[in-house]
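Every number here is computed from the coordinates shown, using simple stated rules; none is lab data. Keep in mind that what you see is a predicted model, and the values were worked out from it rather than measured. Cβ placement follows ideal geometry from the backbone for every residue including glycine, while neighbour counts extend to all protein chains displayed.
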Amino acid sequence: MASDELPDDDATPVLTTRAPRANAAFASLSRGDAVGRYVILDRVGEGGMGVVHAAYDPELDRRVAIKLVRPDLRDADSRARLLREAKAMARLRHPNVIAIHDIGEVDDQVFLAMEFIDGVTLGAWLRQAPRRWQEVRGVFVQAGRGLAAAHQAGVLHRDFKPDNVLVARDGRAIVTDFGLARPTAPTPAELETLRSTPDAGWQAANDLTDARQLLGTPSYMAPEQLAGGPADERSEQFAFCVALFEGLYGVRPFAGASLEVLRAAIEAGQLVPRPRERPTPAWLERAVLRGLSGAPSRRWSSMHALLAVLERGPPHRRWPWLAAGLLALAGGLAALRTPAAAAERCSGSELRVGRVWDDARRHSLRRALLATSTGDRSATSAAVEREVDRYARTWAETRRDACLATHARGEQSSAQLERRMDCFDRRLRELDGLLTMLGQAEGDTLEHAAGAVRRLPAPSRCAVGDVQLEAPGASEGPLQNRLAELRTLALLKRSARVLPLAQALVRDADLVADPALSLEARYLLGGAQLDLGDRTAAEHTLEETYWSAVRAGLDELAARAALDRTSAAAAGPAVEATLTWVRHAEAVVMRAGGDPQHLGKLAGILALVEQARGDFKAAREHYERALELFARAGAAAQGDAGSAHANYAGALRRAGDERAAREHHERALELFVEHWGSDHPNTHSVRLNLAALLAAHGEEERARALLQEARVGLEQALGASHPSLAAVWGTLGGLEYAHGRHGAARAAFARAYQLALATYGPADEHTLTPLFNLGNTAHARGDLAEARHFYEQVLAARIALRGPDHPDLVRCWTALASVAIDQRRFDAAREALERALAIREAALGRQHIDVAWIRVRQAELAEATGALDQARERYREAAAIAEASSDAARPETGLILHALAQLERRMRRDADARRDAEAALAVLSRFHDEHEPRLAELRRLLAELPPTTAALGEHRPTPP
């Protein structure tokens, strides 16, 4: 049966008959199988449409790549698309386009025999190692030549991206995978087909959804394609520039959670922030950004025009010839410095930073920091040194590159370089001042040291943007020196000292009419007020700073002030005020460059707001967004990412997804160990949260180990009376309570309550949690009056804090219902349970694990009033919810089944009781050792139950 033939006279030959297949189905090709004349060697990869094997061509004695439609995509459309790829690629003869040797079909599957490339994808090549912009440009120029050759042959690729380019071991770049290629100038009918034909791979690959199901990868698509319009050479140029931008900066130029948002960002020219640690020449960035224009008419006229700029490099300056002849010639030659001379002139950065941070200062700093602590705090001290090393290295690298930008690449004037060098000098003085203060360590300096270094203004701010936007304008003078000292104190959280000094500096700066310096001082004043708990004053100061900075055009300062003002609002009960300030902050952060770390902090604040309002779905979306932004921000946001993981884990646990909560707790611990050091109090806090989760799942040994490590570390760092120890005692109390040791649990909860009460007062959540747990232990010990007293205290306080319908009230209502049942106040119990059920189902739905516990309490109530059938039905509903939860093997499932089995025994439903008791024993045995009283109780119950009919049948004599 003949296949379609290409019309080109010089096209690659196409097999005109079906090739015989020797011995294997394509779905399971193995070494030695034959496809046509080719012998399969190994499977080497899989793309969106095809599976690729290395093979041997015995006729021409060469290695080839065999590509065939994936076994799960054997439909006619997939075969047609692969044939279209083959025909498009066979039109091309170019060293940067993969060569097609021949095409065939076997049992209704298309295969291609292609040039075998020993290498990796361009995406993998970019990830293998840090790449200088010169290397990236070189590889992309080659790929661009292949794309331009395709356009010249009248072929569009339609899915250009780094994973569709191969980089051979010899450095050659080859464009491949024309899986979505088609001849240019399609008919209207073909266009409509392209717009409506689904391609299942792109949605999963891009996390984007849209009803149109366009062909290609949306993250690399031009806006006209995203709108459903036809593609052309200029849309391919856009995709090429997206990939080149990604290669240069490590991020794609535009972001969006949906096709519409992505298209809007492109059309508005809203670029993501470029990482400051990956500087790129201005001429190269300009060339790429022109190719990324939203309007096709503003892009380069063709790929050839773009490549000409990329290959030519920076524009050469034209030097004026003066009438003075030889004098002018000498001046011109002096101005054109050789690369070696420029490199030598710009080589002093490491020496300069070495005068501030050398081995002697390193050892001195280590001694000073460790002298302020008790116990072994070397891990935290080492974390501080790592941060200083990173800052010093970044300072030297970015300063050297800024120098080369003038003296080697000619990208900026000497006047611009001078401003940048002034900026670098300020950064170095700030580092020196911080190291001086760290060397005079006192009190809790060690706890704040690593964070202080990370919060220093980044050296990369001096290498990009307009350094004139920084405040203050002058770098020397008494007021500027006072401001520098204030900044250092603020970095170390010495807020009590910052407050009066900032107030005095604001007054003095106002007298000399230096608004930039005054605003910076006001910002530091607002931060100190916030740290010291004066939220009203902080809100006023930060708000005033924000609006004044906006009017003065100081966007970066305005962004910081808005972010802190948002944090101040989030600490209070006014949700709408918080949301208003989130909008202000987001707008000015985007105007200041869209720092992903700032945006991530805003997303984290929004997550906490929605969590407090009980909207877990919205909170989850904001947490995911925050983590994405912190990942984009890189190492500078590592601590923020750890905090987001920890907060997200707490939210997930409240929502019942404990498996996911554990993953986020573990990740938070990893990040905090790296960021703060293993012995830092913040790291111990994460250990406590993880220990609480492990204890709830019966992993007592690791939970106790984490608790002990946290308790010893926090006592050494902060003292035994510090409020942070309340969390240790509270978690320990939960561990003891879970194992029935109620006396030990009560003592631990009482210790946690006293520590929290002394710091936070009686109406704070830090205090209410151990108070509620004291109610639990009183209930377990049979002191119903005391339990009811504690529960009612907590309920009243939480209603005052959060309102009458907040999900946090559910546990109070169910606990009060249990006490009411034991006190035989059945109407009160029924009312409390109905209230709890309404709140919980409204917040989390009818199938949440917390709903199961309310059903258990309703079963207990029905059982206490003699309604045994109703009680059994409620227990069965609870067990079904628990078994269907995300972690069906949790101990709660066993507890519910145990209660159900006891009821069924009472109802003389012995077969049901045995079945449920055995299931409960199987679940609880995973979490408790052999001596656990509950396991012994289940075994006694099983021993009392008569054997089942099946069991009896094993001993009946066989009838004759």
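Given H placed 1.01 Å from N in the peptide plane, which residues other than close sequence neighbours of Val64 have an amide H under 5 Å from its amide H?
It is Ala55, Tyr56, Asp57, by chain and number.
For the stretch 542-559 and the stretch 246-319, what is the separation of their Cα centres, given in Å?
30
Give me the mean projected area, in nm² to one decimal, of the convex hull enclosing the Cα positions of the stretch 532-625.
5.8
Taking each pair of distinct Cα atoms in the stretch 706-774 once, what is the resulting Kirkwood hydrodynamic radius in Å?
11.8
Output ³J(HN,Hα) for the stretch 697-703: one whole-Hz value per residue in order, computed from phi by the Karplus curve 6.51 cos²θ - 1.76 cosθ + 1.60 with θ = phi - 60°, and x for Gly and Pro.
Values, residue by residue: 9, x, 8, 5, 5, 5, 4 Hz.
What's the extension gain from Arg429 to Ala308 if we count 0.36 nm per residue and subtract their Cα-Cα distance?
Full extension from Arg429 to Ala308 adds 39.2 nm.
For Glu944 and Gln754, what does the FRET efficiency come to when R0 = 35 Å and r is the distance between their Cβ atoms, rounded to the nearest 0.05?
My answer for the efficiency is 0.20.
Each label point is 7 Å from the Cα along the Cα-to-Cβ direction; what then is the distance between the points at Glu59 and Glu135, in nm?
My value for the distance between the label points is 4.1 nm.
Averaging over every viewing direction, what projected area does the convex hull of the Cα atoms of the stretch 804-883 cover, in nm²?
4.6
Using Cα-Cα distances under 8 Å and only pairs 6 or more residues apart, what relative contact order does the stretch 804-883 have, in percent?
After rounding, I find 27 percent.
So for the stretch 231-295, Kirkwood radius off the Cα pairs, Stokes-Einstein at 20 °C and 1.002 mPa s: how many µm² s⁻¹?
Calculated translational D: 176 µm²/s.
In whole Å, what three semi-axes, largest first, describe the equivalent ellipsoid of the stretch 744-804 built from its Cα gyration tensor (square root of 5 times each eigenvalue)?
Three semi-axes, in Å: 19, 15, 7.
Any idea what Rg and Dmax come out to for the stretch 595-668 if you just take the C-alpha atoms, in Å?
For the stretch 595-668, the Cα radius of gyration and maximum Cα-Cα distance read 11.3, 34 Å.
What number in nm² do you get for the stretch 652-709 if you take the convex hull of its Cα atoms and divide its surface by four?
It is 3.6 nm².
Subtracting the Cα-Cα distance from 0.36 nm times the residue separation, let me have the gained length for Asp869 to Asp822 in nm, one decimal.
Net length gain for the segment: 14.9 nm.
Apply 1/(1 + (r/R0)^6) to the Cβ-Cβ distance of Glu442 and Asp358, taking R0 = 22 Å, and write down the FRET efficiency to the nearest 0.05.
Efficiency at R0 = 22 Å is approximately 0.40.
Around Gln128, with a cut-off of 13 angstrom between Cβ atoms, what is the net charge of the other residues, counting Lys and Arg +1 and Asp and Glu -1?
+2
If amide hydrogens are placed 1.01 Å from N in the peptide plane, which non-local residues have theirs closer than 5 Å to the one on Leu156?
Residues meeting the criterion, in which the H sits 1.01 Å from N, are Arg182, Thr184.
At 7 Å along the Cα-to-beta-carbon direction for both Leu289 and Glu621, put a label point, then send me their distance in nm to one decimal.
Here the answer is 3.2 nm between the modelled labels.
Mind giving me the nanometre distance, one decimal, between the label points for Ala587 and Arg43, set 7 Å out from Cα along Cα→Cβ?
5.5
Count charges around Gly247 for me, please; just the other residues with Cβ under 14 Å from its Cβ, Lys/Arg as +1, Asp/Glu as -1.
+4
Just how many % of Cα pairs in the stretch 471-573 lie over 20 Å apart, if you round to the nearest whole percent?
32
Taking 0.36 nm per intervening residue step and subtracting the Cα-Cα distance, what contour gain separates Ala635 from Ser301 on full extension?
That pair, Ala635 and Ser301, stretches by 116.3 nm at full extension.
Rounded, prolate or oblate: which one fits the stretch 388-434, using the alpha carbon gyration tensor with axes a ≥ b ≥ c (rounded when a/c is under 1.5, else prolate when a/b beats b/c, else oblate)?
Note, shape of the stretch 388-434 comes out oblate.
What are the residues whose amide H is under 5 Å from the amide H of Phe111, where those residues sit 5 or more places off or on another chain and H is modelled from the backbone?
Gly104, Glu105, Val106
If you plug each phi of the stretch 705-710 into the Karplus form 6.51 cos²θ - 1.76 cosθ + 1.60 with θ = phi - 60°, what whole-Hz ³J(HN,Hα) values come out, in order, with x for Gly and Pro?
5, 5, 5, 4, 4, 5
Ratio of alpha-carbon Rg to the 2.2 N^0.38 Å globular estimate for the stretch 685-745, to two decimals, please.
1.05
Could you give me the ³J(HN,Hα) list for the stretch 480-495, computed from phi with Karplus coefficients 6.51, -1.76, 1.60 and θ = phi - 60°, whole Hz, x at Gly and Pro?
Residue by residue, the stretch 480-495 yields 5, 5, 5, 5, 4, 5, 4, 4, 5, 4, 5, 4, 8, 6, 8, 5 Hz.
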